[in-house]
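Scroll down for the structure; my scribbles are underneath it.
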């Protein structure tokens with residue numbers, strides 16, 4: 001597995017990179033040699049943040065953690081990635097078993113299926129509005145996102161609150 005290390009607006013010492021490489025090398029048993037892992041280090045306020053993304057054969061696993069030290073953040077992100085991989089492997093194994101095939105459980109313990117969705121459907125028409133108006137509407141409703149039609153080009157858009165306190169905009173340009 002290829003590991004790419006990136007530092008955002010800071011310098012990461014080789015000791016930290018070696019520690020990360022050692023702790024993250026355990027994921028090599030789950031993925032082929034063509035898999036790629038991107039590890040990004042940054043500082044947010046007084047915390048050290050690690051973002052880990054694994055790309056493998058069309059699948060993507062991602063974890064983002066912040067802690068007092070990079071080592072603690074890497075440990076937390078590694079645990080989150082392990083949970084994601086376990087859940088995904090269990091779901092895949094169940095699918096294969098229902099189709100009549102059997103596969104070995106490998107090194108992965110059974111995990112309860114957590115993908116039971118209770119979906120509530122809402123139907124409403126979108127009012128064309130500006131991005132600023134949509135943000136105000138979202139804040140008035142107390143939601144973390146808001147779907148609307150842009151008044152200028154009538155594209156479907158979503159505004160959302162970002163973790164850093166700012167706002168984001170997703171535009172459907174199909």
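Descriptive notes on the structure:
- Qualifying residue in the range 100-108 (condition: part of a helix (DSSP H, G or I), out of contact with any helix residue (DSSP H, G or I) (no Cβ under 8 Å at 6 or more places or on another chain) and at pLDDT below 85): no
- Evaluating residue 152 against the criteria (1) closer than 30 Å to residue 18 by Cβ; (2) surrounded by fewer than 10 Cβ atoms within 10 Å (Cβ to Cβ); (3) modelled with pLDDT of 85 or more leaves one unmet condition, (1).
- Residue list for the range 36-62, restricted to those being more than 22 Å from residue 162 (Cα to Cα) and touching a helix residue (DSSP H, G or I) at 6+ places or on another chain (Cβ under 8 Å): 37, 54, 59
- Checked against (1) farther than 28 Å from residue 90 by Cβ; (2) touching a helix residue (DSSP H, G or I) at 6+ places or on another chain (Cβ under 6 Å); (3) not in a strand (DSSP E or B), residue 74 meets all criteria but (1).
- Test for residue 68: is it at pLDDT 90 or above, over 26 Å from residue 29 (Cβ atoms) and either assigned by TED's automatic domain parsing to the domain that holds residue 41 or exposed (fewer than 15 other Cβ atoms within 10 Å of the Cβ) (or both): yes
- Among all positions in the range 132-141, there is at least one residue which is farther than 30 Å from residue 6 by Cα, at pLDDT below 80 and not assigned by TED's automatic domain parsing to the domain that holds residue 53.
- The range 1-49 - residue that is part of a loop (DSSP other than H, G, I, E, B) and within 15 Å of residue 73 (Cα to Cα) and, of those, modelled with the highest pLDDT: 46
The values are calculated or read from the model by the stated rules, or taken from the named source; none is laboratory data. Note that the coordinates shown come from a computational prediction; the quantities given were computed from them, not determined experimentally. Methodologically, a virtual Cβ is constructed for each residue, glycine included, from the backbone with ideal geometry; neighbour enumeration extends over all protein chains shown.
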